[in-house]
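Heads up, the thing below is written out as structure tokens.
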Amino acid sequence: MLSRTALQSLSLSDEIGEANVGNLIESLKNNVTLSAICIESTGFGDSCAIKLAEILSDNTSLTDVRIDSTILGGTGVTSLANALKVNKTVRTLGIRSHNMTSEASRAIGEMLRHNTTVTSLFLSGGRLGDSGARDIAIGLAQNTTIAHLSIAHSSIGTAGIKAITKVIQNVTRLNLSGNPVGYGGVKAIARLLEKSCCRLKFLFLDQCNIDQGTKELAIALSRNSCLEELSVACNDINDEGMCALAEYVASNKTLQVLYISYNNVGQNGKKVIISACETSKSVRHL
């Protein structure tokens with residue numbers, strides 16, 4: 001039984017059925033050594049999440065909780081979020097679900113208002129949309145502990161991006177990849193980068209449809225002195241946009257890593273960005 005072992009980390013990736021996953025979680029009730037749990041299973045549904053939430057309400061050893069399930073719904077996510085309103089040990093929470101609901105996003109927002117321990121939050125694959133992003137933003141506005149924030153592939157558009165970028169405070173790593181950010185969203189991200197209080201060191205914007213906003217991003221980056229890594233892969237950025245980025249790269253003194261693969265760049269754009277990286281005194285990886 002897991003309740004009697006000295007196991008410190010548990011990673012489960014299998015189709016073992018919801019009942020079996022539930023029994024496994026039940027066996028964790030009296031475990032005081034487990035610090036990390038990662039469950040990638042089609043058998044992790046709402047009932048399993050509710051059981052895990054009950055454990056988290058009293059648990060003092062788990063610091064890293066990550067769930068990846070295609071059947072996890074809003075009820076389960078809400079239970080986990082509510083448990084973390086009182087839990088004081090979990091520092092990393094990761095949830096990947098295709099069934100994220102408005103109920104779940106509101107619960108996560110509420111959790112962020114009350115929790116002062118979670119420093120890394122990873123959400124992916126849900127249908128949060130702009131309304132869900134706004135719910136989460138309400139919580140982020142009152143949260144100063146989240147340092148790593150990833151809300152990827154969650155159908156968040158311009159309005160949602162504006163809500164999130166307007167309120168994040170101490171975030172150093174931000175991943176918005178796979179969201180239809182668009183031009184308006186890029187402008188919101190640009191405004192964040194231009195703020196003197198911006199602490200972002202790592203920014204990931206892959207597959208975000210930002211091709212039309214590359215110039216806005218480049219201008220903002222030229223005024224930013226803390227970003228160390230930028231990824232804008234798979235955005236259909238053309239030569240004009242790449243040249244704008246190149247101008248920033250050549251003069252910037254903090255950027256160390258730049259990912260630009262799978263864009264619509266011609267020979268001129270490639271030549272200019274390579275030259276800029278060679279000129280740069282900080283870029284070490286392209």
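The values are calculated or read from the model by the stated rules, or taken from the named source; none is laboratory data. Computed from a prediction, not measured in an experiment: that's the story for all the values here. No Cβ is skipped: glycine too gets one built from the backbone with ideal geometry, and neighbour counts run over all protein chains shown.
Those residues that are at pLDDT 95 or above, of a type outside the set (Phe, Trp, Tyr) and surrounded by fewer than 23 Cβ atoms within 10 Å (Cβ to Cβ), I need them from region 204-214; list them, please.
Selection gives ASP206, GLN207.
Under 19 Å from ASN235 (Cβ atoms), of a type in the set (Lys, Arg) and over 15 Å from the mean Cα position of the chain (by Cα), is that true of LYS187? It would help to see each step written out before you state the result.
Details: under 19 Å from ASN235 (Cβ atoms): yes; of a type in the set (Lys, Arg): yes; over 15 Å from the mean Cα position of the chain (by Cα): yes.
Yes; evaluated as a whole, the condition is true for this residue.
Within region 249-269, identify whether any single residue is without any contact (Cβ under 8 Å) to a residue 24 or more places away in the chain, β-branched (Val, Ile, Thr) and farther than 25 Å from TYR183 by Cβ, and answer yes or no.
No, because not a single residue in region 249-269 is without any contact (Cβ under 8 Å) to a residue 24 or more places away in the chain, β-branched (Val, Ile, Thr) and farther than 25 Å from TYR183 by Cβ.
Output the residues belonging to region 215-232 that are in a loop (DSSP other than H, G, I, E, B), surrounded by fewer than 17 Cβ atoms within 10 Å (Cβ to Cβ) and either of a type in the set (A, V, I, L, M, F, W, C) or without any contact (Cβ under 8 Å) to a residue 24 or more places away in the chain (or both).
Across region 215-232, the qualifying residue is only CYS226.
Which pairs have Cβ atoms under 9 Å, sit 6 or more apart or on different chains, and link a residue in region 1-21 that is under 20 Å from ASN31 (Cα atoms) to one that is surrounded by 15 or more Cβ atoms within 10 Å (Cβ to Cβ) and modelled with pLDDT under 65?
LEU10/LEU2
Working only within region 236-268, note down all residues that are over 18 Å from GLU194 (Cβ atoms) and either outside the structural domain of ARG199 (by the TED database) or β-branched (Val, Ile, Thr) (or both).
Correct list: ILE237, VAL257, ILE260, VAL265.
Determine if region 262-277 includes at least one residue that is on the phi > 0 side of the Ramachandran plot, out of contact with any helix residue (DSSP H, G or I) (no Cβ under 9 Å at 6 or more places or on another chain) and of a type in the set (Ser, Thr, Tyr).
Within region 262-277, one or more residues are on the phi > 0 side of the Ramachandran plot, out of contact with any helix residue (DSSP H, G or I) (no Cβ under 9 Å at 6 or more places or on another chain) and of a type in the set (Ser, Thr, Tyr).
State which residue is surrounded by the most Cβ atoms within 10 Å (Cβ to Cβ) when the search covers only region 51-75 and only residues that are β-branched (Val, Ile, Thr), touching a Ser or Thr at 6+ places or on another chain (Cβ under 9 Å) and over 18 Å from THR101 (Cα atoms).
So, considering only residues that are β-branched (Val, Ile, Thr), touching a Ser or Thr at 6+ places or on another chain (Cβ under 9 Å) and over 18 Å from THR101 (Cα atoms), the one surrounded by the most Cβ atoms within 10 Å (Cβ to Cβ) is VAL65.
Report, by residue number, each residue of region 135-191 that is touching a Phe, Trp or Tyr at 6+ places or on another chain (Cβ under 8 Å), assigned to a loop (DSSP other than H, G, I, E, B) and among the hydroxyl-bearing types (Ser, Thr, Tyr).
Hits for region 135-191 are THR172, SER177.
Can you tell which of LYS201, LYS162 is under 16 Å from the mean Cα position of the chain (by Cα) and outside the structural domain of GLY241 (by the TED database)?
Among LYS201, LYS162, only LYS162 is under 16 Å from the mean Cα position of the chain (by Cα) and outside the structural domain of GLY241 (by the TED database).
Kindly provide the set of residues from region 1-16 that are modelled with pLDDT under 75 and assigned to a loop (DSSP other than H, G, I, E, B), ordered by number.
MET1, THR5, ALA6, LEU7, ASP14, GLU15, ILE16
Of all helices (runs of 4 or more DSSP H) completely enclosed by region 17-133, which ones contain at least 1 residues that are in contact with a Gly (Cβ under 6 Å, 6 or more places away or on another chain), within 30 Å of THR158 (Cβ to Cβ) and at pLDDT 90 or above?
Working: elements: 18-26, 46-58, 74-83, 102-114.
Per the criteria, 102-114.
Against the definition (touching a residue at least 12 places away in the same chain (Cβ under 8 Å) and in contact with a strand residue (DSSP E or B) (Cβ under 6 Å, 6 or more places away or on another chain)), how does LEU245 come out, yes or no?
no
Hey, among the residues in region 240-265 that are modelled with pLDDT of 90 or more and aliphatic (A, V, I, L, M), which one's surrounded by the fewest Cβ atoms within 10 Å (Cβ to Cβ)?
VAL257
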